[in-house]
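Colleague: Dumping the structure here so I can ask a few things about it.
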Amino acid sequence: MNEKSAIKIALAGNPNSGKTSVFNALTGARQHVANFPGVTVEKRTGYRRYNEFDIQLVDLPGTYSLTAYSPDEKVARDFILDEKPDLVVNVIDSCNLERGLYLTMQLIEMGVDLIIDLNMWDEAMEAGVDIDTEKLSQLLGAPVVKTIAHREQGVEAIMQAASELLENRSQKHRHPPVSYGPKLDDVVTDLSRTVSACGSCRACGNPRWLAVKLLEGDSDVKSRYTPNRHRHGQLDRKLRQSLHHLRSTTRQDPEVAITEGRYGYIAGIIREVVKQPPSDRMELSVKIDNILTHRFWGYLIFLFFMWLVFQATFKLGAYPMDWIDAGVGWLQSLLTGILPSGVISDLITDGIIGGVGAVAVFLPNILILFMGISLLEDSGYMARAAFLMDRLMHFLGLHGKSFIPLLMGFGCNVPAIMATRTLESHRDRILTILLIPLMSCSARLPVYVLFAGAFFGAQAGNVIFSMYLLGIATAVLMARLMQKTILRSEDAPFVMELPPYRIPTYRSVLIHMWERTNIYLKKMGGIILIASVILWLLGYLPKKSDFSQDYDAQIEQLTSINTEEAAAEISRLQSLKASEELEYSFIGRLGKITLPLVRPLGFNWELGVAIITGFVAKEVVVSTLGVLYHLGDNTDSLMAVLQSPSNRISGLAAYAFMVFVLLYTPCLATVIAIKREIGAKWMWLSIVFQTALAWSAAFLIYQGGIFLGL
Amino acid sequence: MSLDQLKPGQSGRITEVTGSGALRRRLLDLGFRKGEVVKFIKMAPLRDPLQILLGNGHITIRRSEASLVQVEVLLGKSSE
């Protein structure tokens with residue numbers, strides 16, 4: 001490959017400008033998603049060839065501006081500064097030319113080579129817009145193309161324009177500089193001269209942009225290019241002079257004055273190129289809103305949609321999950337038959353295949369949930385959901401959009417945590433993710449059912465319900481607490497667009513589902529697999545050879561007798577053996593060592609071991625107890641054993657145990673999801689804090705109950 | 001008066017965007033600026049946030065944020 005033909009193109013544009021559709025249409029499936037370095041803002045990269053060019057396309061986050069205030073904007077800006085893309089394709093919603101051009105102005109200020117893409121041209125036609133694109137191209141000094149990206153129309157013209165620009169690199173087009181009006185232009189030009197003269201500022205390559213940013217008071221640019229006040233003494237003095245001058249002549253804050261200057265320049269362009277502004281394309285959307293955000297029907301419809309997404313994800317998803325379980329079981333028994341029995345066989349069948357099953361079991365949930373989320377997003381309903389829920393969520397210091405991931409948490413925390421991607425503010429995402437594990441997921445229900453059934457008889461339903469309420473109440477308290485402590489930053493602005501309602505396309509929904517699943521498998525699947533194999537080994541090793549009775553011989557004898565009694569006896573012996581093995585394993589020993597820690601909560605060592613194995617997945621608590629009490633999967637007899645006086649678990653301890661299971665560390669897959677989304681620091685906080693919380697709550701309930709004579 | 005004090009259906013012309021930092025920047029970047037006309041479409045069922053027509057698009061904004069946008073009322077019918 002010739003080095004000259006490797007080209008980097010960035011896509012920039014407003015949220016809701018259809019930028020991702022343009023990206024998808026340009027790259028198809030040849031794309032991958034990673035994070036921008038150091039932040040959890042996603043970076044989509046795609047590849048394609050056009051003529052002799054090998055093109056790498058990067059989809060920058062959708063932004064209205066390029067300031068240092070929001071991580072998304074900073075990432076987009078830093079990418080342009082550091083990675084110096086050969087071209088930037090600026091995607092603009094044709095019906096919203098003015099807002100789109102505001103970003104264009106900032107791209108021009110930065111001195112990048114632009115291609116303007118007027119997207120959603122079909123909507124503009126319907127709205128009767130008439131834009132003189134040639135004139136626009138002339139005024140901006142950039143090629144202008146029209147696209148309908150969601151139908152993949154016109155996107156090749158972008159490539160065509162790009163290749164023309166790249167072939168004539170020597171005669172690069174020049175964008176006329178942005179003018180801010182007479183009062184400001186002089187100041188900007190003057191200051192940019194000082195910047196040019198200042199030797200150490202040359203790194204940025206664009207004095208005018210630097211001058212504008214300094215006047216706007218952009219702290220990031222200031223520390224990046226002029227870190228040392230003394231070395232930039234002359235510039236610093238000049239800047240202060242200029243600011244003073246601006247304040248006195250415009251009687252405005254310089255940041256506001258510059259923004260208004262930009263808008264003034266845009267208004268001039270609009271006057272020249274827009275022959276016919278769009279008719280109100282929100283007309284239909286307003287009518288739909290009359291129902292969907294109606295003060296009564298709005299909530300009812302919202303709840304219905306939520307119910308639908310939840311049921312589809314977790315009820316419908318349960319079928320493929322059963323198939324995966326069955327498939328894993330089938331594969332395990334197949335391999336047990338083929339492989340010579342021994343440690344290696346156990347490792348492959350139980351450890352590795354079991355681990356693969358543990359990874360795969362989340363796939364149906366993730367696929368269906370993200371289908372639902374893309375439908376909600378692409379249709380424009382997500383913004384309305386935020387509109388409806390924001391008042392309630394804001395009470396918790398959250399954004400209206402946080403409701404959906406939190407609700408999904410009741411099904412399964414893993415896809416719910418992945419669903420927080422819809423939140424723009426990093427702080428909102430952290431807070432939402434930390435609260436999701438308090439939403440009692442469906443894996444905890446079997447534990448409640450077992451203990452409530454065993455100890456609370458007719459009250460079981462209420463007791464189980466109280467777990468859900470306790471989880472929510474804890475989440476509310478924790479949200480209020482964290483807002484006042486570790487996450488005490490200013491709320492991110494809520495203000496956002498309510499895009500017109502649109503019909504989602506199959507393509508975009510499918511790409512979104514595939515993308516999320518791919519991220520799950522690539523970024524989380526491997527770690528979940530390895531960690532579950534390790535946990536399996538801890539419950540398997542060291543291998544016990546010396547049992548209290550010779551189970552194998554007895555089982556051998558019984559297999560020759562083909563009666564029901566013999567079969568029952570075999571399974572009894574097998575579970576006795578399994579329980580001795582688990583007790584002898586590292587996890588069993590750990591359970592006994594940590595007994596003093598759980599004793600004050602009223603737990604015995606069996607419950608202690610079950611808590612440890614429950615880290616794999618909380619429903620494993622039940623199967624572990626089945627093993628430890630030699631009962632296999634028989635829930636009824638497990639209930640009987642648990643409540644039998646000889647077992648010495650009181651009703652109070654049982655309740656404390658349920659609370660413990662509700663609150664203690666999120667399961668393995670969840671903590672890995674947390675790490676992937678917001679980093680290791682928050683993952684550890686979640687593990688340690690929740691376990692401490694669980695212990696304290698169980699302690700208070702058990703000891704408090706005893707104190708009160710319960 | 002500020003934008004959040006308009007009544008549903010009322011329009012106003014922006015006289016000033018106050019506040020500071022990230023929030024003011026966001027408002028400016030979305031197109032809230034002196035001279036621009038805004039229309040109060042409606043409020044969410046719990047009275048917050050608000051739905052505003054700005055330029056050619058609809059914007060949702062919390063009351064606390066809207067209170068930073070100063071407007072003068074334009075003649076127009078109010079639906080309340």
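Colleague: Could you please state, rounded to a whole Å, how far the C-alpha centre of the range A:624-653 is from the C-alpha centre of the range A:346-373?
Modeller: Here the two parts' Cα centres lie 29 Å apart.
Colleague: Next question. What is the sum of charges, Lys and Arg at +1 and Asp and Glu at -1, for the other residues whose Cβ falls under 12 Å from the Cβ of A:Gly329? All intermediate terms of the calculation are to be shown ahead of the outcome.
Modeller: Numbers: positive: none; negative: A:Asp322, A:Asp325, A:Asp350.
Spelling it out: positives minus negatives among the neighbours equals -3.
Colleague: So which lysines can A:Lys315 reach, going by Cα to Cα under 30 Å and dropping same-chain residues fewer than 8 places off?
Modeller: Within the straight-line cut-off, A:Lys315 pairs with A:Lys401, A:Lys522, A:Lys523, A:Lys618, A:Lys675.
Colleague: Which shape class, rounded, prolate or oblate, goes with the range A:279-322 when its Cα gyration tensor gives a ≥ b ≥ c as root eigenvalues, a/c under 1.5 marks rounded, and past that a/b bigger than b/c marks prolate? Show your work: numbers first, answer last.
Modeller: Values: a/c = 8.05, a/b = 2.41, b/c = 3.35.
In terms of gyration-tensor shape, oblate.
Colleague: Something else about it: So the label point goes 7 Å from the Cα of A:Asn462 along Cα→C-beta, right? Which residues of the range A:671-710 then have their backbone N under 20 Å from it?
Modeller: A:701-702, A:705-706, A:708-710
Colleague: On average, how many beta carbons from a partner chain sit within 10 Å of the beta carbon of a residue in B:44-55?
Modeller: Working: counts 11, 10, 8, 2, 5, 10, 2, 6, 2, 4, 3, 5.
Taking all residues of B:44-55 together, the mean is 6.
Colleague: Once you sort the root eigenvalues of the Cα gyration tensor of the range A:572-710 as a ≥ b ≥ c, which label holds: rounded (a/c under 1.5), prolate (a/b larger than b/c) or oblate (the other case)?
Modeller: Values: a/c = 2.06, a/b = 1.21, b/c = 1.71.
Since a/c reaches 1.5 but b/c is at least a/b, the shape of the range A:572-710 is classed as oblate.
Colleague: Taking the range B:1-58, which trypsin sites (Lys or Arg not before Pro) meet the DSSP loop condition and have no more than 12 other C-beta atoms within 10 Å?
Modeller: Working: sites: B:Arg13, B:Arg24, B:Arg25, B:Arg26, B:Arg33, B:Lys34, B:Lys39, B:Lys42, B:Arg47; in loops: B:Arg33, B:Lys34, B:Arg47.
Sites meeting the loop and neighbour criteria: B:Arg47.
Colleague: Which whole-Hz ³J(HN,Hα) couplings does the range A:331-344 yield from phi under the Karplus relation 6.51 cos²θ - 1.76 cosθ + 1.60, θ = phi - 60°, glycine and proline marked x?
Modeller: In residue order, the calculated couplings are 5, 5, 5, 4, 5, 4, x, 7, 6, x, 5, x, 4, 4 Hz.
Colleague: Sort the range A:1-48 into rounded, prolate or oblate with this rule: let a ≥ b ≥ c be the square roots of the eigenvalues of the Cα gyration tensor; rounded if a/c is under 1.5, and if a/c is not under 1.5, prolate when a/b is larger than b/c, oblate otherwise. Don't skip to the answer; put the middle values down first.
Modeller: Numbers: a/c = 1.87, a/b = 1.29, b/c = 1.45.
Oblate shape, in that a/c is at least 1.5 and b/c is the bigger or equal ratio.
Colleague: Can you give the relative contact order of chain A as a percent, counting alpha carbon pairs under 8 Å and 6+ residues apart?
Modeller: Contact order relative to length: 10 percent.
Colleague: How far apart, in nm, are two points set 7 Å out from the Cα along the Cα-to-Cβ line at A:Asn647 and at A:Asp185?
Modeller: 8.5 nm
Colleague: Starting from the 7 Å offset along Cα-to-Cβ, what nm value, one decimal, do you get for the label separation of A:Leu597 and A:Ile555?
Modeller: Between A:Leu597 and A:Ile555, the simple spin-label model gives 3.2 nm.
Colleague: Also, quick follow-up: Please identify every one of the trypsin sites (Lys or Arg not before Pro) in the range A:245-346 that sits in a loop by DSSP and has no more than 13 other beta carbons within 10 Å of its own beta carbon. Intermediate results must be reported in sequence, preceding the final value.
Modeller: Values: sites: A:Arg247, A:Arg251, A:Arg262, A:Arg271, A:Lys275, A:Arg281, A:Lys287, A:Arg295, A:Lys315; in loops: A:Arg251, A:Arg281, A:Arg295.
Filter output for the range A:245-346: A:Arg251, A:Arg295.
Colleague: What longest range of chain A stays clear of loop-exposed chymotrypsin sites (Phe, Trp or Tyr not before Pro) (DSSP non-H/G/I/E/B, at most 13 other C-beta within 10 angstrom)? Spell out each step's value before the answer.
Modeller: On the way: sites that count: A:Phe296, A:Phe547.
Result, exposed sites excluded: A:1-295.
Colleague: For A:Lys275, which aspartates and glutamates qualify as cross-link partners when the Cα separation must be under 13 Å and same-chain residues fewer than eight apart are set aside?
Modeller: Cα-Cα hits under 13 Å: A:Asp130, A:Asp132, A:Glu134.
Colleague: Taking amide H positions as placed in the peptide plane 1.01 Å from N, state which residues far from A:Asp54 in sequence (5 or more) or on other chains have amide H under 5 Å from it.
Modeller: A:Ala6, A:Ile7
Colleague: Per DSSP H run of at least 4 residues, take -39500 (n - 2.57); add these up for chain A, divide by its residues and hand me the 222 nm value, nearest 500 deg cm²/dmol.
Modeller: Details: 35 runs with 427 residues, N = 710.
That comes out to -19000 deg cm²/dmol.
Colleague: Measure off 7 Å from each Cα along the Cα-to-Cβ vector at A:Ala640 and A:Glu569, then give the distance between these two points in nanometres to one decimal.
Modeller: Label-label distance for A:Ala640 and A:Glu569, simple model: 2.0 nm.
Colleague: Considering every residue in B:58-67, what mean count of other chain Cβ atoms within 10 Å of its Cβ is obtained? Mind showing how you got there, number by number?
Modeller: On the way: counts 10, 5, 12, 5, 8, 1, 3, 4, 1, 0.
Mean partner-chain Cβ count within 10 Å for B:58-67: 5.
Colleague: Check A:Lys43: other-chain or 5+ apart residues with amide H under 5 Å from its amide H, H built from backbone geometry?
Modeller: When sequence neighbours closer than 5 places are left aside, the close amide H contacts are A:Ala34, A:Asn35, A:Phe36.
Colleague: Another one. For chain B, what is the mean residue ellipticity at 222 nm derived from helices alone (per DSSP H run of n ≥ 4: -39500 (n - 2.57); sum divided by total residues; nearest 500 deg cm²/dmol)? Can you show the working numbers first?
Modeller: On the way: 2 runs with 14 residues, N = 80.
Only helices count here, giving -4500 deg cm²/dmol.
Colleague: To continue, here is another question. Taking 0.36 nm per intervening residue step and subtracting the Cα-Cα distance, what contour gain separates A:Leu521 from A:Arg174 on full extension? If you can, show how the numbers build up before the last one.
Modeller: Details: separation 347, 0.36 × 347 = 124.92 nm, distance 4.51 nm.
Net length gain for the segment: 120.4 nm.
Colleague: Another question, if that's okay. Which residues in the range A:516-551 place their backbone N less than 14 Å from a point set 7 Å from the Cα of A:Arg589 along the Cα-to-Cβ direction?
Modeller: A:538-545
Colleague: Under the 0.36 nm per residue contour assumption, what length would be gained going from the current alpha-carbon distance of B:Glu16 and B:Met1 to full extension? Mind dumping the intermediate values first?
Modeller: Details: separation 15, 0.36 × 15 = 5.40 nm, distance 1.04 nm.
Stretched fully, the B:Glu16-B:Met1 segment lengthens by 4.4 nm.
Colleague: Mind checking the full-extension length gain between A:Ser548 and A:Leu300? Use 0.36 nm per residue of separation minus the Cα-Cα distance, one decimal, nm. It would help to have the intermediate numbers written out before the result.
Modeller: Working: separation 248, 0.36 × 248 = 89.28 nm, distance 6.18 nm.
Contour length minus the Cα-Cα distance gives 83.1 nm.
Colleague: Let's test the formula: R0 of 45 Å, r as the Cβ-Cβ distance of A:His32 and B:Val37. What FRET efficiency results, to the nearest 0.05?
Modeller: Values: r = 44 Å, r/R0 = 0.99.
Once the sixth-power term is evaluated, E becomes 0.50.
Colleague: List residues of the range A:102-117, by number, whose backbone nitrogen lies under 11 Å from a label position 7 Å along Cα→C-beta of A:Lys135.
Modeller: Correct set: none at all.
Every read-out reported here was derived from the displayed coordinates using simple, explicitly stated rules and does not represent laboratory data. All of these numbers come straight from a predicted model, not from anything done at the bench. Every residue, glycine as well, gets a Cβ built from its backbone with ideal geometry; the counts of neighbours run over all protein chains shown.
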